[in-house]
Amino acid sequence: MTVTVALLNMKGGVGKTTLAVNLAWHMHQNESANVLLVDLDPQFNATQYVMDFKSFQAHRKKAGTIADLLTDPPKLDLRLKRIKKNPRMALHPIEGTGGKRFDLLPAELSLAWIVKNPAQMDYRLEKLLSVIRDGYDYVFIDCAPTDSVLTTMALTASDYLLIPMRPDRFSILGFANLTETIKTFRSNCPDPHFVKILGVVFTQVIGDSNVENEAMLEVQAAAKREDIHLFSSMLKFSRSFIRSVKDQTPIFETLYAHDKSRKAASKIADELKARITVLSKVAGAGKGKK
């Protein structure tokens, strides 16, 4: 059974894409899982993390992106019609290890068209993934840092939500906005997956600042009020992540990366799996009561 996890924060620059890509890569290489990484951000940073510009341009021209799959092509555009007829064409293979695969559904700037034209878009990602998610153990969705129809699409298509958060004042305000967005979504939108919140993961943690510690305590208190789990594992700031993007490698294969940085994704992944197990049992018990 496929597990779909959306990574979402209303604020950009919190390390969301770094966490999404490294979690996906870890699950593939170290958990022997078939993994699909979905880039649902018009800035398409996840795509740029794993594809060089030349490869991206060639793929975009030949096989298309998620923007092509989610929007309606012009009547005479035969290439786009062919891609929509076989959406798996748009998948880009990142890596194949031990008979398992790690694929990307890339994005591009034109995905922003959906934000400007949101009518009847809420369920399009869910419908698309229902066609291509078979055979994957995990689907990770790297979301745009906005409260838009893209957010609704991601929540509708996901089983779980993971909230990466940088411990600063701006992220605290973003957390409040995010919890309101989730509440609004649950109130107004039919939710086929009954999306559950895995918790908050601190990212880009420096670890030597009183201001940062105070922010973490505020987030901890806010998460407790909302009954949202706070991960004990975190993604600490490291220049190695900058190099990993440049080299298009996971952090655990990046040259000169510190040991703690190499193990960060692994620890978060272990806690993520444990949270999924807990929430699955709670959901199963709830169905039994009904």
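Once you keep just the Cα pairs under 8 angstrom separated by 6 or more residues, what percentage relative contact order results for the range 1-64? Walk me through the intermediate numbers first.
Values: 25 pairs, mean separation 13.7, N = 64.
Relative CO of the range 1-64 lands at 21 percent.
Would you mind calculating the gained length between Asn117 and Met89 on full extension (0.36 nm times residue separation, minus the Cα-Cα distance), in nm to one decimal? Walk me through the intermediate numbers first.
Numbers: separation 28, 0.36 × 28 = 10.08 nm, distance 2.49 nm.
The Asn117-Met89 span can extend by a further 7.6 nm.
Over the residues of the range 30-189, compute the C-alpha Rg and express it relative to 2.2 N^0.38 Å.
Working: Rg = 16.2 Å, N = 160, 2.2 N^0.38 = 15.1 Å.
Against the empirical 2.2 N^0.38 Å value, I get 1.07 for the range 30-189.
How large is the Kirkwood hydrodynamic radius of the range 109-234, in angstrom, based on all distinct alpha carbon pairs? Intermediate values should be presented prior to the final figure.
Numbers: mean 1/r = 0.0626 Å⁻¹.
After inverting the mean inverse Cα-Cα distance, the result is 16.0 Å.
Cα convex hull of the range 211-290: mean projected area in nm², to one decimal? Could the numbers behind the result be given before it?
Values: hull surface 29.5 nm².
Reported value for the Cα convex hull: 7.4 nm².
Work the Kirkwood hydrodynamic radius out for the range 57-105: mean of 1/r over every pair of different alpha-carbon atoms, inverted, in Å. Write down the numbers at each step before the final one.
Numbers: mean 1/r = 0.0866 Å⁻¹.
Every distinct Cα pair counted, the radius reaches 11.5 Å.
For the range 194-290, with the dipole built from +1 on Lys and Arg beta-carbon atoms and -1 on Asp and Glu ones, taken about the Cα centre, which of Ala221, Val211, Ser266 lies farthest toward the positive end?
Value: Ser266.
Which one, Ala107, Pro87, Gln43, projects farthest toward the positive side of the charge dipole computed for the chain from Cβ point charges (K/R +1, D/E -1)?
Comparing the listed Cα positions along the dipole, Pro87 ranks first.
Once amide H atoms are placed 1.01 Å from N in the peptide plane, what residues at a sequence separation of 5 or more from Leu235, or on another chain, have their amide H within under 5 Å of its amide H?
Phe202, Thr203, Gln204, Val205
As a test question: what accessible area, to the nearest 10 Å², does Asp191 have when a 1.4 Å probe is rolled over all protein chains in place?
Accessible area of Asp191: about 30 Å².
Students often get this wrong, so try it: which of (1) 133; (2) 185; (3) 121 is volume of the Cα convex hull per residue in Å³ as calculated from the structure shown?
Recomputing volume of the Cα convex hull per residue in Å³ here picks out (1).
Cross-link list Lys236/Lys281; Lys16/Lys267; Lys85/Lys281; Lys62/Lys236; Lys61/Lys260: which exceed 28 angstrom alpha carbon to alpha carbon? Please list the in-between numbers first.
On the way: Lys236/Lys281 31 Å; Lys16/Lys267 16 Å; Lys85/Lys281 37 Å; Lys62/Lys236 38 Å; Lys61/Lys260 40 Å.
Lys236/Lys281; Lys85/Lys281; Lys62/Lys236; Lys61/Lys260, as the Cα separations exceed 28 Å there.
For the range 31-71, what is the convex hull (Cα atoms) projected area averaged across all directions, in square nanometres?
Working: hull surface 14.9 nm².
If I average the Cα hull's projected area over directions, I get 3.7 nm².
Mind checking Rg over Rh on the range 144-188, alpha carbons, Kirkwood formula for Rh? It would help to have the intermediate numbers written out before the result.
Working: Rg = 10.9 Å, Rh = 11.3 Å.
Across the range 144-188, the Cα-based Rg/Rh ratio is 0.96.
Less than 15 Å Cβ to Cβ from Thr277, Lys/Arg counted +1 and Asp/Glu -1: what total charge do the surrounding residues give? Let's see the in-between values first.
Values: positive: Lys196, Lys273, Arg275, Lys281; negative: Glu31, Asp137, Asp159, Asp270, Glu271.
Value of the local net charge: -1.
Which FRET efficiency, nearest 0.05, do Ser187 and Val211 yield, Cβ-Cβ r, R0 35 Å?
Values: r = 35 Å, r/R0 = 1.00.
E(calc), rounded to 0.05, equals 0.50.
For the range 232-280 and the range 87-129, what is the separation of their Cα centres, given in Å?
So the separation of the two Cα centres works out to 23 Å.
Treating only the Cβ of Lys, Arg, Asp and Glu as charged (+1, +1, -1, -1), what charge dipole size does the range 166-290 show about its Cα centre? Round to the nearest 20 debye. Before the final figure, lay out the partial values.
Numbers: 21 positive and 14 negative charges, 111 e Å.
Around 540 debye, computed over the range 166-290.
Sort 146-158, 129-141 for me by packing, meaning the mean count of neighbouring Cβ atoms within 10 Å per residue, highest on top.
Top to bottom by mean Cβ count within 10 Å: 146-158, 129-141.
Expressed as a whole number of Å, what is the distance separating the alpha-carbon centroids of the range 189-217 and the range 1-38?
The range 1-38 and the range 189-217 have Cα centres separated by 15 Å.
Quick one: if you stick a label point 7 Å off each Cα along the C-beta vector at Gln57 and Thr97, how many nm between them?
3.1 nm
So what is the relative contact order for the chain, in percent, with contacts set as C-alpha pairs under 8 Å and at least six apart? Present the calculation step by step, with values, prior to reporting the outcome.
On the way: 503 pairs, mean separation 71.7, N = 290.
Taking the mean separation of contacting Cα pairs over the length of the chain, I get 25 percent.
Largest first, what is the accessible-area ranking of Val282, Val3 with a 1.4 Å probe?
Details: Val282 95, Val3 30 Å².
Result, largest first: Val282, Val3.
Over all distinct alpha-carbon pairs, what is the Kirkwood Rh of the range 167-238 in angstrom?
Working: mean 1/r = 0.0749 Å⁻¹.
This gives a value of 13.3 Å.
So if R0 is 30 Å, what FRET efficiency would His258 and Asp227 give, r being the distance between their Cβ atoms, rounded to the nearest 0.05?
0.30
The values are calculated or read from the model by the stated rules, or taken from the named source; none is laboratory data. Keep in mind it's a predicted model, so treat the numbers as computed, not measured. Note that we place each Cβ from the backbone using ideal geometry, even for glycine, and neighbour counts take in every protein chain shown. Note: accessible area is taken over every heavy atom of the protein model, side chains too, but ligands, DNA and RNA are not part of it. Shrake-Rupley method; radii C 1.70, N 1.55, O 1.52, S 1.80 Å.
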